[in-house]
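Derivation of every value follows stated rules applied to the coordinates shown; laboratory data play no part. The structure displayed is predicted, hence computed values, not measured ones. All Cβ positions, even for glycine, are placed from backbone atoms using ideal geometry, and neighbour counts span all protein chains on display.
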Amino acid sequence: MQYAKDYAAAVVPLTYLGPSNEPDYTTNYDSMSMSPAQMASVVDVLGPTLRNSGLATQVTCCAATGWPVSGQYAAAIEADPTALAAVAMVGGHGYGGGPTSPLPGWGKQAWETEWSTFEGFSTAWDDGSGASGMSWAQHIHQGL
């Protein structure tokens, strides 16, 4: 929490603060795996702590590796009244499956925050490749 206060003091307030990045992914660099239920428990503490800090920063959750998995985390947050009251936005990545629809049952903001096809950069707007601008626009539209 202190770093969020330090940013605010430097007139760079954080809009959102999340407790995890890809909690469903085990890796060889620093990370932490958490189930959707464990994440809801963490948010049960983070939400009131952030609210009592005096900061305007809101809680975001859960930044899972794929949009379908993000739906599992959103469902766990929805099932927990304290966590649901705390979370303003659910984010997810597209590595393990991109958006094909909005998150089922989630009525708050949802952002697809990371994704890559791991193809080379394409300057083409619509060449049919997964890296073209039109492909990315379609993915964004489907998620919204």
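At VAL12 and ALA88, where each label point lies 7 Å from the Cα along Cα→Cβ, what is the point-to-point distance in nanometres?
According to this spin-label approximation, the distance is 1.9 nm.
Report the residue, chosen from ALA110, ALA74, ALA56, that carries the largest GNM mean-square fluctuation when the chain is represented by alpha-carbon nodes joined by springs under 10 Å.
The residue with the greatest mean-square fluctuation here is ALA56.
Defining a contact as two alpha carbons under 8 Å apart and six or more residues distant in sequence, what relative contact order in percent does the chain show?
Working: 257 pairs, mean separation 27.2, N = 144.
RCO, the chain: 19 percent.
Name the residue farthest towards the positive end of the dipole of the chain from the options VAL90, LEU46, MET134, assuming +1 on Cβ of Lys and Arg, -1 on Cβ of Asp and Glu, about the Cα centre.
Of the options given, the answer is LEU46.
Take the Cα atoms of the chain, build their convex hull, and give its volume per residue in Å³. Please report the intermediate quantities before stating the final value.
Working: hull volume 18.8 nm³, N = 144.
Once divided by residue count, the hull of the chain is 131 Å³.
Report the residues of the range 49-86 in range of a label on SER101: point 7 Å along Cα→C-beta, backbone N strictly under 15 Å from it.
Only 67-72, 75 pass the distance filter.
Looking at the chain as a GNM with Cα springs under 10 Å, which of THR60, THR123, THR15 has the largest mean-square fluctuation?
Ranking THR60, THR123, THR15 by mean-square fluctuation puts THR123 first.
Lys and Arg at +1, Asp and Glu at -1: add these up for the other residues within a Cβ distance under 11 Å of VAL90 and post the number.
Numbers: positive: LYS108; negative: GLU78, GLU112.
Neighbourhood net charge equals -1.
Pick from PRO99, PRO13, PRO36 the residue whose mean-square fluctuation is largest in a GNM of the chain, springs joining Cα atoms under 10 Å.
Largest GNM mean-square fluctuation: PRO13.
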